[in-house]
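> Below you'll find the structure I mean.
The values are calculated or read from the model by the stated rules, or taken from the named source; none is laboratory data. Everything numeric in this text was worked out from a predicted model, so none of it was measured. We place every Cβ from the backbone using ideal geometry, glycine too, and count neighbours over all the protein chains shown.
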Amino acid sequence: MRGADEQPRAAPDAETIAAIATPPGRGGIGVVRISGARVPMLAQAVLGSLPPPRCATLCVARDARGTAIDQGIALYFAAPHSYTGEAVLEFQGHGGPVVLQMVLSAFLDGGARLAGPGEFTQRAFLRGRIDLAQAESVADLIDAASREAARSAMRSLAGEFSEAIHALVAALTELRALTEAMLDFPEEEVDALHRVDAEARLKRVRAALAEVLAKSRQGSLLRTGINVVLAGRPNVGKSSLLNRLAGEERAIVTAVPGTTRDALREAIQIQGVPINVIDTAGLRESNDEIERLGIEHARRELGRADVVLVVFDASVGLLAEDRTVLAQLPGEGRHIGVFNKIDLAPGAGNAVVPVVEAEVRVSAKTGAGMEDLRRALLEAVGWQAHGEGVYLARERHLRALARAQLHLQSAAEQQGRWEFFAEELRLAQAALSEICGQFSADDLLGEIFARFCIGK
């Protein structure tokens, strides 16, 4: 049942759509998927008959002239018991690109049209099979870069994130109803009852929202990953540190300063969190044109970094060149000072380094202190060791949750001015409702589903 503020979703396209649902290239199996009202007719034309619902049926796909194209398994899902909520047919044939295109063309010649990116999932959303957060989790599950990200995406697809949002909306709806009743009937006893209860109810909603937002921020790290840039003067061991983090020799290491000329990227995982480690050219003045371009590239990478590991040579301490590097760091972002080569100076203490939030002593050669560095990296971005139960949130989810949090804070400040209190509750509920798609502009839907692969 729709809430008073909830707008109906747009009606799905009546056209029947078709697409190859497996990735491009050669494979043992390829799938062609069709969805829409014309599925029974197309099955009859291409496969010779409509298979029984949910029963794997061996059949031959034929073109308009009756020539056999491929032999495979057909699965038919009658509406509304399908992924899209429409009649759906999947033909599982051989995975050659030519034969798959021929099968797809047979269905297109029969009256289907080629599906756009994410159009099957978009129809599932428009027909109410899934909400918008669940639809987005489909793409997140496909794109997951770690097991933890895949598990979190699956939890969102199963509805855990949506359930948490709906619980918040339900609590706000109840609080809004009491507030509106008080405003409409100020002489009734509900006024006094509400005044006593409003603060406690609002406090509970704010606490629940804070928990959802914290889990969403954690999950966002699993989805987007962390960009970590190694910075420092030449020959402090940045490339050796990259190799140690990657677990293999990815960067060339020599005693000659200025070996690294361009940014070298390596994808790693720490406790399931995807991390892009970027080794950059040593920051210094140089007359070498190629090295100078590398240094300019390094400065650009610093501006995009989530975390900067500022690497120093522990065997010589903090030099004037190191302070020059520190002066070039961007004002925003998190900076960790890394004193490398402690194997050459085991008794040396840390220097006092400005603009860094933490300092770690390591040896890229022996591996000493690397666990401390990995832990400092995760702490810098707010990752908690046990991320079970986090929501693989997107940036739009985080913005909506943050807006709702601000409106609830304003509501707390407006108690006693009940008209303003009610308006802040309404705005908070509207922000939360955007997450699951109750309030979704067409351009937002287009942007979301355009990022899907064709056939999903």
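> Among the numbered conditions (1) among the charged types (D, E, K, R); (2) at pLDDT 85 or above; (3) assigned by TED's automatic domain parsing to the domain that holds Thr280, tell me where Glu211 comes up short.
It fails just one condition, (3).
> Select the strands (runs of 3 or more DSSP E) contained entirely in the range 256-348, then report the ones holding at least 3 residues which are aliphatic (A, V, I, L, M) and modelled with pLDDT of 80 or more.
Numbers: elements: 264-270, 273-279, 307-313, 334-340.
Ranges flagged: 264-270, 273-279, 307-313.
> Moving on to the next point. Please state which one of Arg123, Arg151, Arg147 is within 19 Å of the chain's Cα centre (by Cα), basic (Lys, Arg) and buried (at least 18 other Cβ atoms within 10 Å of the Cβ).
Working: Arg123 fails: within 19 Å of the chain's Cα centre (by Cα); Arg147 fails: buried (at least 18 other Cβ atoms within 10 Å of the Cβ).
From the options Arg123, Arg151, Arg147, the qualifying one is Arg151.
> Still on this structure, please answer the following. Considering only residues that are under 30 Å from the mean Cα position of the chain (by Cα) and surrounded by 23 or more Cβ atoms within 10 Å (Cβ to Cβ), which ones fall in the range 90-118?
Ala115, Gly118, listed by residue number.
> Next question, about the same structure. Of the residues Glu371, Glu395, Glu388, Glu424, which single one is surrounded by fewer than 14 Cβ atoms within 10 Å (Cβ to Cβ), farther than 30 Å from Glu90 by Cα, outside the structural domain of Ala320 (by TED's automatic domain parsing) and modelled with pLDDT of 80 or more? Give the steps one after another, and end with the answer.
Numbers: Glu371 fails: outside the structural domain of Ala320 (by TED's automatic domain parsing); Glu388 fails: modelled with pLDDT of 80 or more; Glu424 fails: surrounded by fewer than 14 Cβ atoms within 10 Å (Cβ to Cβ).
Testing whether each residue is surrounded by fewer than 14 Cβ atoms within 10 Å (Cβ to Cβ), farther than 30 Å from Glu90 by Cα, outside the structural domain of Ala320 (by TED's automatic domain parsing) and modelled with pLDDT of 80 or more leaves just Glu395.
> Now for a different question. Tell me whether the range 69-89 contains one or more residues that are under 13 Å from Ile20 (Cα atoms) and surrounded by 15 or more Cβ atoms within 10 Å (Cβ to Cβ). Step through it out loud before you land on a result.
Filtering the range 69-89 for residues under 13 Å from Ile20 (Cα atoms) gives 89.
If we keep only those that are surrounded by 15 or more Cβ atoms within 10 Å (Cβ to Cβ) too, we end up with 89.
Yes: one or more hits.
> Can you name every residue in the range 427-448 that is at pLDDT below 80 and either acidic (Asp, Glu) or surrounded by 20 or more Cβ atoms within 10 Å (Cβ to Cβ) (or both)?
Start the filter on the range 427-448 by keeping residues that are at pLDDT below 80, which leaves 437-448.
Passing the criteria: Gly437, Gln438, Asp442, Asp443, Glu447, Ile448.
> Return a yes/no flag: does the range 52-68 have any residue that is closer than 23 Å to Phe120 by Cα, touching a Lys or Arg at 6+ places or on another chain (Cβ under 7 Å) and at pLDDT 95 or above.
Applying the first criterion (closer than 23 Å to Phe120 by Cα) to the range 52-68 yields 52-57, 61.
Okay, now just the ones that are also touching a Lys or Arg at 6+ places or on another chain (Cβ under 7 Å), so none.
Scanning the range 52-68 turns up no residue that is closer than 23 Å to Phe120 by Cα, touching a Lys or Arg at 6+ places or on another chain (Cβ under 7 Å) and at pLDDT 95 or above.
> Pairs needed: first member in the range 161-174, more than 18 Å from Ile130 (Cβ to Cβ); second member anywhere, buried (at least 17 other Cβ atoms within 10 Å of the Cβ) and among the small types (Gly, Ala, Ser); C-beta distance under 7 Å; at least 6 residues apart or different chains.
Taking only residues 6 or more apart or on different chains, the pairs are Leu172/Ala428.
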